[in-house]
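The values are calculated or read from the model by the stated rules, or taken from the named source; none is laboratory data. Quick caveat: nothing in here was measured; it's all calculated off a predicted structure. Reconstructed Cβ throughout: ideal geometry from the backbone, glycine too, with neighbour counts over all protein chains shown. Heads up: the accessible areas ignore ligands, DNA and RNA and are worked out on the full protein's heavy atoms, side chains in. Shrake-Rupley method; radii C 1.70, N 1.55, O 1.52, S 1.80 Å.
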Amino acid sequence: MSKGFGESDFAQVQSERANTQTIRQVLERDREQAAHARDRHAKGAYGICEDCGRQIGDERLAALPDATRCVACQAAWENGNR
Ligand SMILES: [Zn+2]
């Protein structure tokens, strides 16, 4: 008797679904982050780390205009949000 999808096909479909979801989540987070950065800009806090209050640094802002944390705080935040 045929079971249709084999075990490995099923796993493949599951993992592709997970990838699509991860990509959506990343895109959604980028969009939220961009909106958040604009909000910080509107409040005159652009370029100031929202966690420690120090200057984020021109080089980092040039590379990542949406950054709202300095390198150290961003690394700490990403470790806690994985
Ligand atoms: Zn910081």
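Structure data summary
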item	result
The chain: angle of helix 7-42 to the longest principal axis, Cα-based, in degrees nearest 10	20 degrees
Cα centroid separation, segment 4-28 to segment 39-82 (Å)	32 Å
For segment 1-51, alpha-carbon Rg and Dmax in angstrom	20.3, 68
Accessible-area composition of the chain, carbon plus sulfur, in percent [1.4 Å probe]	52 percent
Tilt relative to the chain, helix 71-80 - C-alpha long axis, 0 to 90 degrees, to 10	30 degrees
Accessible area in square angstrom per residue, the chain, 1.4 angstrom probe	81 Å²
Positive-end extreme of charge dipole, the chain - chosen from Cys52, Gln14, Cys70 (charges on Cβ)	Cys52
